[in-house]
Each structure stands twice: as structure tokens, then as C-alpha cells.
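As C-alpha cells, the structure follows; a few thoughts come after it.
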Amino acid sequence: MQNLQLNDFINSRLHVTIDKDRHIVGTLVALDSQVNLLLNDVVEFSVIRPSTESDSDKHEAQQYTRKLGLVSIPRSSINVLRIVDEDLEALIKRRTYLMQSAV
């Protein structure tokens, strides 16, 4: 992947999986040496499942979406981290162009 580092993804849209029922999408603003993330324009997607088997007969899982704005995500909460595909393609093209210009 063109030797990209996490710092190269600043201003890119990231998809962060917190657990199987909670996902966050936002723009990477900053990160620290422990890889705690600061994301902006965050949207959270979550699923609330019935708490007991008897409840599951009556109710299906509910999907929720909410806008959160600026969010700090500790590394310990991150299960999966991936860049939104369109941003990855643009980032690789930009880096390739810059590397060719430097030669």
C-alpha cells in the first residue's frame, strides 16, 4: 500500500469498528503516539438487540444512527480500523504524484 503510515490518513474518512454492534465513520483530524484517534464529522451506527430470548420473539434488533461531531476514540476501544475506499484511492494517487514530482 505504498508504505503509507497512519499520519498519511489525516483528513481521510475512517471507518472504525468498536464492536460488532457499533461502528463509527469520521474524518481523521489527529492521533497521538498511543494511536488514540480524534475524528470530526462523526456518524455512529449502532444496533440494539433484545436483551433476552423472550424479548427477541417480540422485538427485532433496532438500528440507530446519530451524528456526534468531534470524537476522541481511545486505541483500546478500536477493534477494526479501515479507510473509506474512495479516500484510499485518492491518497495513493496524490502520494504517487508527489513522489514522481520529487524525482
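Can you run down the residue pairs with Cβ atoms below 8 Å, 6 or more apart or on separate chains, where the first is in segment 15-29 and within 9 Å of residue 45 (Cβ to Cβ) and the partner is at pLDDT 95 or above and among the aromatic types (Phe, Trp, Tyr)?
Hits for this filter: 22/45; 23/45; 24/45; 25/45.
Of everything in segment 69-96, what is among the acidic types (Asp, Glu) and surrounded by 11 or more Cβ atoms within 10 Å (Cβ to Cβ)? Give them in sequence order.
Within segment 69-96, 87, 89 meet the criteria.
The values are calculated or read from the model by the stated rules, or taken from the named source; none is laboratory data. No experiment lies behind these values; they were computed from the predicted model shown. All Cβ positions, even for glycine, are placed from backbone atoms using ideal geometry, and neighbour counts span all protein chains on display.
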